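Structure, as structure tokens:
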Amino acid sequence: MFKFSKTLFIFLILSSVSLAQAKSPLFTSETCHPKITTACTLYPFADANLNGGILPYSALISYFNQVSAGLIGENHASINLQNSKYENLPDQDRNHLSFTFNTKKMTLVPVQDLSPETVQKLFTFDSALFKRRMGSNHFNDATRKHFELTRFNRWKLNFERDILLPTDWRSLIHPPFYSLKEIDDESTGSTSANRSPASNGTSPFWNKDYHLTLDSQTRTELTSGNQLRLMVNNASFSEKIKLVKEAKRYVHVAVMSFAYTEESRKLIDALIAQAKAGLDVRVIMEKVWGKVAFNKTIKTLRKNGVKVALSDDLLRVGRNQGLFHSKYFVIDGERGVVGGQNLVDRANKATGYNHFNKDTDVRVEGPIVTDMLEDYGKLWERFTREEFPIAFKKEVLSRKEAERNAGVRGSENYSEWLTKQTPGLCRFISQGPNEDRYKVSKAYFETFSRAEKDILLTTQIVSFQKNPIFNENWSTKIYRKLFAKAKSGLPVNLITNGIDGGFLKTYPKTERPLEKFFTSGMNDITGYLNTALRRGKLEVLATVPNFNTWQHFQYIHSKVAITDDVVTAIGSYNFETYSAEHSYETAVFCQDEKLTHALRDDLTLTIANSTPLTIGN
């Protein structure tokens, strides 16, 4: 009785007082005290005696109902309560749950050990009511309006608030959405109102000139009939293991980081098993990064018959210097994976909601894999100073000839493909000091230059020259092109990292402390430093009309772009200076309606679970 009365007393006192100037303008209620006209909140002052207090789940629901006037409520659907190890809790009664609160940080933390997803799914958000209150028909527009009225901390690059919210929401004002249906927005996602119809033959990307230009600039060619499947977060890791186990002749892997953890061992063991079964299994990794953080992986693979090559270009000087940042798989010359995911727990275990990486790959099957095999051979020869087996070179030549004869490769087929808008049109582009360091940069610049409807992109890091003294680098050229497009009235939406995304989150221990630092803590540190050091660049983005920058609540490691809902690019390339100028990078540029719609839906949900960068308040 005493505990209940004490909790109720704290709740009632705090609920009845408000700051003179609200930091969270959305959370207002007509039921507030008559003298209070700005907000009805839990946070009247930072009283240390209140920090560490406990609110039962039922009291928290009452609190949310009052301060949000119906926006945040209880999720009455059945929820499987799980701990941080994703084990079911023996007591599935949510009314036994409670939260500690901190009135300085304005945070709520569950007393029980709960998975982030469990905490997030305990609550609901009325997005329709939210849009009505903000006077907008579209959820993202309503979100921007809300945060434009919210006090912004220019040093921390985040928004202040005077309402307690769970830490597993990060900077969001709502529980993270798990589907587009929760947004309740007819113009969002896969509906026709948000699409450039694929049948629109007037798009410049259905014109042969665009593709011939890319042929010339990147020395690649378009292929058709490729089968494509979007893979986000840990779904990609599971598919990679499956592909490796199903391989019949060879497995070729290129990746920057390959950690030796319990989760990664699943793939390591699969690679070793195939090598011992007589398959040709090869792995290319970054040498400096690999030796420092992932040496156990390298030694284990080599000891058990897997051929490992290490890129040492990071140790070179001048134009030949570069980080090996490419990430792709080639399986039997028929199937493959391309994207931005490393083989570390932050990717392997990521659900999109558990404070690991937000990342994107694409599974490919078709003639584009031939180009990936050819590129792999060139990289192997550069890093080992040995000739790639002649059998693979002959396979590339024979496959290309057969594909050309079948009409799925070559510029002589472009007119027919583009007129019919054949699905599965793709090209594989690889850049690096070994050939042309700017191939992917050129492809993005050319694509963005021809945009007519909108551009949607993600990047881990934002970097460009604010006032170049001499020549612009490629990153700066791309951003200036994006700025010019936005100023002309074309919407540009960029999703990147802010102060959220796992900063200072405690992660499960790995087997080796150094690997824990590089696979978990390092991203936290670099995420904060990237935010702090590039604060000026981010503020530039916020001043460009029609250029919307979104800070996701998870750590963005995804590197993708959609242009006019026609061209979809997925790869390892960040929109920042080092990727644009020095790194080994790969990407696929595709025109495939199903792939584009799948990625558009995923990014629409990503934006809904982000906060906008606005600095004018």
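At-a-glance table
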{"item": "Subset tally (residues that are crowded, with 22+ Cβ neighbours inside 10 Å and assigned to a helix (DSSP H, G or I)) for the stretch 445-458", "result": "2"}
{"item": "Verdict on Phe470 being of a type in the set (Phe, Trp, Tyr), open to solvent by 10 Å² or more (accessible area, probe 1.4 Å) and outside any loop (DSSP other than H, G, I, E, B)", "result": "no"}
{"item": "Residue in the stretch 459-466 that is surrounded by fewer than 19 Cβ atoms within 10 Å (Cβ to Cβ) and either modelled with pLDDT of 95 or more or in a loop (DSSP other than H, G, I, E, B) (or both) present", "result": "yes"}
{"item": "Residue that is out of contact with any Cys (no Cβ under 6 Å at 6 or more places or on another chain), more than 26 Å from Arg316 (Cα to Cα) and outside any loop (DSSP other than H, G, I, E, B), where the choices are Ser415, Ser475", "result": "Ser415"}
{"item": "Cross-chain or 6+ apart pairs with Cβ under 9 Å, the stretch 449-464 first and farther than 12 Å from His557 by Cα, then open to solvent by 20 Å² or more (accessible area, probe 1.4 Å) and of a type in the set (Phe, Trp, Tyr)", "result": "Ser463/Tyr578"}
{"item": "Strands (runs of 3 or more DSSP E) fully within the stretch 87-129 counting 3 or more residues that are more than 26 Å from the chain's Cα centre (by Cα)", "result": "98-102"}
{"item": "Filter result for the condition that a residue is farther than 18 Å from Gln341 by Cβ, among the hydroxyl-bearing types (Ser, Thr, Tyr) and in contact (Cβ under 8 Å) with a residue 60 or more places away in the chain, over Ser558, Ser572, Ser583, Ser610", "result": "Ser610"}
{"item": "Residues of the stretch 591-601 classified as out of contact with any helix residue (DSSP H, G or I) (no Cβ under 8 Å at 6 or more places or on another chain) and crowded, with 21+ Cβ neighbours inside 10 Å, total", "result": "4"}
{"item": "Residue in the stretch 567-582 that is touching a Pro at 6+ places or on another chain (Cβ under 8 Å), over 30 Å from Thr202 (Cβ atoms) and either in a strand (DSSP E or B) or modelled with pLDDT of 85 or more (or both) present", "result": "yes"}
{"item": "Residue satisfying condition, being within 30 Å of Val369 (Cβ to Cβ) and touching a Ser or Thr at 6+ places or on another chain (Cβ under 7 Å), within set Tyr584, Tyr578", "result": "Tyr584"}
{"item": "Options Ser136, Ser127, Ser179, Ser171; residue that is open to solvent by less than 30 Å² (accessible area, probe 1.4 Å) and under 23 Å from Ala77 (Cβ atoms)", "result": "Ser127"}
{"item": "Breaking point among (1) of a type in the set (Lys, Arg); (2) open to solvent by 60 Å² or more (accessible area, probe 1.4 Å); (3) touching a residue at least 60 places away in the same chain (Cβ under 8 Å), for Arg161", "result": "(2)"}
{"item": "Residues of the stretch 255-312 satisfying the condition of being part of a loop (DSSP other than H, G, I, E, B), open to solvent by 30 Å² or more (accessible area, probe 1.4 Å) and within 20 Å of Thr384 (Cα to Cα)", "result": "Asn304, Gly305, Asp312"}
{"item": "Checklist (1) under 29 Å from Ser264 (Cα atoms); (2) part of a helix (DSSP H, G or I); (3) open to solvent by 10 Å² or more (accessible area, probe 1.4 Å) applied to Arg363, failing item", "result": "(2)"}
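The values are calculated or read from the model by the stated rules, or taken from the named source; none is laboratory data. Computed from a predicted structure; not experimentally measured. Note: ideal-geometry Cβ built from the backbone for every residue, glycine included; neighbour counts use all protein chains shown. In case anyone asks, the SASA skips ligands and DNA or RNA and just uses the protein heavy atoms, side chains included. Shrake-Rupley method; radii C 1.70, N 1.55, O 1.52, S 1.80 Å.
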